[in-house]
Amino acid sequence: MMDSVGAALHWELAAWIGIAILAAQFVAILLWVLFGSHNRGLTSKGYSAQLEAERRAEGLLQETLSAEESRELEHRGYLEVRSPSREGRVYRVPRGRGMVSVYEGSRAVMSLCVQPVEWIPGADVVLMHKLMIEANEEDYLKTANQFEPGYPYYLRWDRRTGRPV
Amino acid sequence: MAKLRILNHQGDTTVEWDTNKAEVGDSEALEAIREAERIFEEHKAKGAAAFTVAPGKPAEKLEKFDKTAEQIIMVPRVAGG
């Protein structure tokens with residue numbers, strides 16, 4: 001008799017534990033749905049704000065570039081900025097984020113990495129490089145980390161010809 | 001209209017002022033110039049660099065606020081990457 005009562009209590013306790021687990025799962029799912037939806041909303045807003053920032057930055061870049069510079073950037077994927085101090089040197093500023101390649105004549109001489117300390121849209125980064133090279137080349141070169149040409153693509157370069165070997 | 005454009009996470013923030021009105025002492029234009037100068041100094045203090053930009057001319061570095069500049073663009077502080 002006592003054994004059957006003990007077994008019944010055991011099963012009742014197990015049932016309550018099972019119900020508690022199900023309730024906890026229900027609450028967890030409910031929280032996920034509520035806060036998950038909220039987070040998706042924020043991400044979407046953040047994404048559209050970023051698109052708007054990119055659109056504004058692109059507008060400013062196009063206002064600042066000459067028609068020829070715009071065409072070059074569109075077709076080649078980089079903007080060539082002439083060195084104001086060194087004859088024959090050009091800086092190739094990529095449209096996307098990445099290193100600036102420095103050419104002297106047709107020879108790559110180094111790669112430069114300079115970044116703003118805060119996030120700005122890609123088109124603003126192109127404009128930033130152009131302004132700094134044109135108006136403040138010396139400080140630009142002092143700030144930039146300088147690498148072998150072609151870095152970080154792990155190509156071996158012949159320094160005399162500036163071509164990969 | 002002259003412009004001060006600060007590059008930032010929104011693309012840029014622009015402050016405009018009318019140089020012609022400022023020349024004749026228009027209080028609104030003078031207030032806009034004071035506000036632009038305050039913003040200029042604030043960003044300079046944070047390490048931003050300022051450049052004057054005019055069509056067909058190379059950019060020039062600007063150390064002090066120039067209310068006669070057609071367009072000033074400020075870029076945030078940069079570092080070697």
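Every number in this text was worked out from the coordinates using simple rules, so none of it is lab data. If you're wondering where the values come from, they're calculated on a predicted model, not measured in any experiment. Neighbour counts run over all protein chains shown; Cβ positions are idealised from the backbone, glycine included.
Under the convention that each Lys and Arg Cβ holds +1 and each Asp and Glu Cβ holds -1, the size of the dipole of the protein assembly as shown around its Cα centre is about 1020 debye.
When each of the peptides A:103-111, A:70-78, A:53-61 is scored by how many other beta carbons lie within 10 Å of its residues on average, the order from highest to lowest is A:53-61, A:103-111, A:70-78. Taken about its Cα centre, the stretch B:1-65 carries a charge dipole of about 360 debye when Lys and Arg each add +1 at the Cβ and Asp and Glu each add -1 at the Cβ. Of all lysines in the structure, the ones whose alpha carbon falls short of 25 Å from that of B:Lys61, not counting any fewer than 8 places away in one chain, are A:Lys130, A:Lys142, B:Lys3, B:Lys44, B:Lys46. Modelled spin labels at A:Glu63 and B:Lys21, positioned 7 Å past Cα toward Cβ, are 1.8 nm from each other. Averaged over the residues of peptide B:44-54, the number of Cβ atoms from other protein chains lying within 10 Å of each residue's Cβ is 3. Under a 5 Å amide H cut-off, with hydrogens placed 1.01 Å from N, B:Leu62 pairs with B:Ala50, B:Phe51, B:Thr52 among residues at least 5 apart or on other chains. What the Cα convex hull of the stretch A:67-164 gives, in volume per residue, is 109 Å³. Once the Cα-Cα distance is subtracted from the 0.36 nm per residue extended length, the A:Trp119 to A:Ala14 segment shows a gain of 32.3 nm.
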